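Enquirer: One structure is given below, represented as structure tokens, and several questions about it will come after.
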């Protein structure tokens, strides 16, 4: 009897560990978690709906955040430049594009080691636009002219673009094409 109970306990523990590990693996692989990619940017547009894929929600919970509301907000993340290289403090990057028509937006730079903490942010009301309406933002350790987000001295980062007050039609357009290009200018 004790032997059978021990075997049952081992099987249950192995099943629970396998379930947790595969759920984490699926959450770390954007395609399996229901992500949509546009250039270097990715989003989980359905993570906040009632019947969302569990791994899409898990992606936010692992970062210590709630999934965004599908009605009013769209959140896009980028951890690489357009060439596929990880964003790090050793390089200078330039984002360029036209901000979609939204009520307001925030672009944050987060340390990957500390996902819930933005190290630098640019708000819509602080941005300087070019004469043609385009937005150019530099990511670097040292101050840059125009719009600038400070990169940390070391480690990898994630860009988080939060768009508020976005129309459903604009939402679909953004999910099909990248809002900004992310170009690496130079590295140390």
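The values are calculated or read from the model by the stated rules, or taken from the named source; none is laboratory data. Computed from a prediction, not measured in an experiment: that's the story for all the values here. Glycine gets a Cβ as well: all are built from the backbone with ideal geometry, and neighbour counts include every protein chain shown.
Residue-wise test of (1) touching a strand residue (DSSP E or B) at 6+ places or on another chain (Cβ under 7 Å); (2) under 17 Å from residue 42 (Cβ atoms); (3) surrounded by 17 or more Cβ atoms within 10 Å (Cβ to Cβ); (4) assigned by TED's automatic domain parsing to the domain that holds residue 39.
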| residue | (1), (2), (3), (4) |
| --- | --- |
| 77 | yes, yes, yes, yes |
| 98 | yes, no, no, yes |
| 127 | yes, no, no, yes |
| 137 | yes, no, yes, yes |
| 154 | no, no, no, yes |
| 164 | yes, no, no, yes |
| 176 | yes, yes, no, yes |
| 183 | yes, no, no, yes |
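Enquirer: Next up: Here is a check on your reading of the model: is residue 117 modelled with pLDDT of 90 or more and out of contact with any helix residue (DSSP H, G or I) (no Cβ under 9 Å at 6 or more places or on another chain)?
Expert: no
Enquirer: Could you list all residues from region 138-158 that are under 22 Å from residue 84 (Cβ atoms) and part of a strand (DSSP E or B)?
Expert: 138, 139, 140, 149, 156, 157, 158
Enquirer: State all residues of region 103-114 that are modelled with pLDDT under 90 and either surrounded by 19 or more Cβ atoms within 10 Å (Cβ to Cβ) or under 16 Å from residue 139 (Cα atoms) (or both); if no residue qualifies, say none.
Expert: 110, 111, 112
Enquirer: Also: Do we find a residue being in the same structural domain as residue 43 (by TED's automatic domain parsing) and out of contact with any strand residue (DSSP E or B) (no Cβ under 9 Å at 6 or more places or on another chain) anywhere in region 108-117?
Expert: Yes, region 108-117 contains a residue that is in the same structural domain as residue 43 (by TED's automatic domain parsing) and out of contact with any strand residue (DSSP E or B) (no Cβ under 9 Å at 6 or more places or on another chain).
Every residue, every condition in (1) modelled with pLDDT of 60 or more; (2) in a helix (DSSP H, G or I); (3) not assigned by TED's automatic domain parsing to the domain that holds residue 142, yes or no:
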| site | (1), (2), (3) |
| --- | --- |
| 17 | yes, yes, yes |
| 23 | no, yes, yes |
| 65 | yes, no, no |
| 74 | yes, no, no |
| 83 | yes, no, no |
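Enquirer: Tell me which of these residue 61 doesn't satisfy, since it passes every other one: (1) buried (at least 16 other Cβ atoms within 10 Å of the Cβ); (2) closer than 16 Å to residue 160 by Cα; (3) at pLDDT below 70.
Expert: Only one criterion in (1) buried (at least 16 other Cβ atoms within 10 Å of the Cβ); (2) closer than 16 Å to residue 160 by Cα; (3) at pLDDT below 70 is unmet by residue 61, namely (1).
Enquirer: Is there a residue being in contact with a helix residue (DSSP H, G or I) (Cβ under 8 Å, 6 or more places away or on another chain), in contact (Cβ under 8 Å) with a residue 40 or more places away in the chain and either closer than 13 Å to residue 94 by Cα or not in a loop (DSSP other than H, G, I, E, B) (or both) anywhere in region 164-177?
Expert: no
Enquirer: I'd like to verify a number: residues in region 85-137 that are assigned to a loop (DSSP other than H, G, I, E, B) and farther than 16 Å from residue 152 by Cα, how many?
Expert: 12
Enquirer: Pull out all pairs, ordered by first then second residue, where Cβ-Cβ is under 6 Å, the residues are six or more apart or on different chains, the first lies in region 119-144 and is more than 15 Å from residue 94 (Cβ to Cβ), and the second is not in a strand (DSSP E or B).
Expert: Note: pairs meeting the criteria are 119/152.
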